[in-house]
Each structure stands twice: as C-alpha cells, then as structure tokens.
Amino acid sequence: MPRAKTVVPGRARRRKIMTAAKGNFGGRRKLFKSALQTVQRAGQFAYEHRRLRKRDFRRLWIVRINAAARINGLSYSTLISGLKRAQVDVNRKLLADLAVRDAAAFAKLAEVAKSAVA
C-alpha cells in the first residue's frame with residue numbers, strides 16, 4: 001500500500017508559521033526554519049510581556065497616586081491606609097484616573113483618608 005503523505009496538514013502548518021513571520025527581515029520571513037524560530041521567540045516575548053504589562057501599569061498608577069496625594073498633603077501609604085480604614089473601596093486604576101482627570105474628586109477622597117487616619 002502506498003504511503004500517505006500529510007501534504008495538506010503539513011502545508012497548512014507551514015503556511016501558518018510563514019504568515020505569522022511576515023514583516024521580519026530576510027530569511028526570518030522566507031526560510032521555514034528561521035521563521036519558525038522567530039515566531040516561537042516572538043510568542044515567548046508576547047507571553048512574558050502580557051504579564052509584565054500588568055506590573056508596569058500598577059507601578060504607573062502608584063506613581064500618579066503618590067504625586068496627587070503629596071499635592072494634598074499625604075503620602076501614598078497614608079492615603080491608601082486612610083481609605084482602607086474609611087472603608088472606601090477604590091482600586092488603584094480608578095484612583096490614578098481621578099488623580100489625572102479630576103483633581104477635585106481626588107482631593108475629596110484625600111480628605112476622607114486624612115480624617116480616617118487622624
């Protein structure tokens with residue numbers, strides 16, 4: 001019996017890699033082996049950076065909250081501590097957005113935190 005070659009699935013697999021490798025330079029997009037390595041490496045970087053993005057944004061939010069808190073006479077830690085004591089459940093993303101876009105609302109939250117700490 002003749003050997004059945006996996007032509008269609010194999011070609012589809014290779015086409016998927018070559019399509020993903022588009023935009024790279026030289027053999028990284030023209031040669032299958034190089035393209036495969038490039039796509040795998042890119043996938044690994046994408047995986048890592050999806051997690052790093054979450055850390056980076058949290059750091060950014062904390063920096064923004066701290067700057068706005070110091071304008072209102074508090075440090076970041078006392079602001080967060082005061083909000084927790086006052087049972088104000090606001091996440092850092094929202095606090096940073098208020099600090100940038102609505103300083104008056106942030107100032108009110110800062111006053112709530114000050115009164116809860118003192």
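The values are calculated or read from the model by the stated rules, or taken from the named source; none is laboratory data. Everything quoted here is computed from the prediction, not taken from an experiment. Cβ placement follows ideal geometry from the backbone for every residue including glycine, while neighbour counts extend to all protein chains displayed.
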Of the residues in the range 80-93, those that are within 15 Å of residue 108 (Cβ to Cβ) and under 24 Å from the mean Cα position of the chain (by Cα) come to 90
Of the residues in the range 80-105, those that are closer than 14 Å to residue 62 by Cα and either in contact with a Ser or Thr (Cβ under 8 Å, 6 or more places away or on another chain) or assigned to a helix (DSSP H, G or I) (or both) come to 80, 81, 92, 93, 94, 95, 96, 97, 98, 99, 100
At pLDDT 95 or above and surrounded by 13 or more Cβ atoms within 10 Å (Cβ to Cβ), is that true of residue 19?
no
**Report entry** Flag for residue 77 being of a type in the set (Gly, Ala, Ser) and in contact with a Gly (Cβ under 7 Å, 6 or more places away or on another chain)
**Finding:** no
The residue from 77, 115 that alone is without any contact (Cβ under 8 Å) to a residue 12 or more places away in the chain, in a helix (DSSP H, G or I) and out of contact with any Ser or Thr (no Cβ under 7 Å at 6 or more places or on another chain) is 77
Filtering helices (runs of 4 or more DSSP H) wholly in the range 1-73 for at least 3 residues that are within 30 Å of residue 94 (Cα to Cα) gives 32-71
Inside the range 72-89, the number of residues satisfying the requirement of being more than 12 Å from residue 112 (Cα to Cα) and surrounded by 13 or more Cβ atoms within 10 Å (Cβ to Cβ) is 1
Pairs returned, first residue in the range 2-22 that is without any contact (Cβ under 8 Å) to a residue 24 or more places away in the chain and within 15 Å of residue 39 (Cβ to Cβ), second residue that is assigned to a helix (DSSP H, G or I) and β-branched (Val, Ile, Thr), beta-carbon separation under 7 angstrom, 6 or more apart or interchain, are 17/39; 20/39; 21/38; 21/39
